[in-house]
Amino acid sequence: MNRSVSLAVVAIGATLFGCQSQQQAVDQMQPDAQMVAQRRGAFELNCPSATATVLNKEMMQTAMAGPFYNPPQRAEYTVGVSGCGKQTTYLVVCAVGGTGCIAAGARNNAPTQQ
């Protein structure tokens with residue numbers, strides 16, 4: 001039994017001290033989040049030259065973590081996409097250690113003021 005507890009303590013320590021910080025993870029996934037939003041925005045705005053700008057980024061906090069369950073961490077980005085006289089905003093979510101990001105939908109679609 002003591003060996004199991006020791007292994008658990010070592011595993012938790014390695015997880016806490018061997019991993020990158022939350023801010024590093026958010027920064028590392030930003031280019032993927034920006035690209036996903038740009039591609040969706042270019043399609044929805046019918047504007048291949050649309051550009052994306054990250055407006056906000058943060059690590060989502062999970063409330064359900066426990067001793068036996070640690071839900072995946074996710075980074076959340078608010079990305080503005082504009083081009084061809086139109087603009088929109090997307091909420092993009094990326095899982096830490098995952099294989100990609102999801103542009104969770106347009107928050108608005110509005111023509112740009114000229």
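The values are calculated or read from the model by the stated rules, or taken from the named source; none is laboratory data. Remember, predicted model here, so these are calculated numbers, not experimental data. Here Cβ is always computed from backbone atoms with ideal geometry, including for glycine, and neighbour counts include all displayed protein chains. Side chains included, ligands, DNA and RNA excluded: accessible areas come from the protein's heavy atoms. Shrake-Rupley method; radii C 1.70, N 1.55, O 1.52, S 1.80 Å.
Remarks
- Ranked by how many other beta carbons lie within 10 Å on average, peptides 66-74, 34-42, 79-87, 94-102 from highest: 34-42, 79-87, 94-102, 66-74
- Glu44 accessible area, assembled protein chains, probe 1.4 Å, Å²: 80
- When Leu45, Leu91, Leu55 are compared by accessible area of protein heavy atoms, the largest-first order is Leu55, Leu91, Leu45, using a 1.4 Å probe.
- With a simple spin-label model that places each label point 7 Å from the Cα along the Cα-to-Cβ direction, the separation between Met35 and Ala104 comes to 2.2 nm.
- The 3J(HN,Hα) values that the Karplus relation (6.51, -1.76, 1.60; θ = phi - 60°) gives for the stretch 53-59 are, in residue order, 10, 6, 9, 7, 8, 6, 8 Hz. Gly and Pro appear as x.
- Note on Cys84 and Leu55: the model spin-label points, each 7 Å out from Cα along the C-beta direction, lie 2.1 nm apart.
- Sequence-ordered 3J(HN,Hα) estimates for the stretch 72-82 from the Karplus curve with 6.51, -1.76 and 1.60 and θ = phi - 60° stand at x, 7, 9, 9, 10, 10, 9, 10, x, 10, 9 Hz, glycine and proline given as x.
- Theoretical gain in end-to-end length, Thr62 to Gln24 [0.36 nm per residue, Cα-Cα removed]: 11.9 nm
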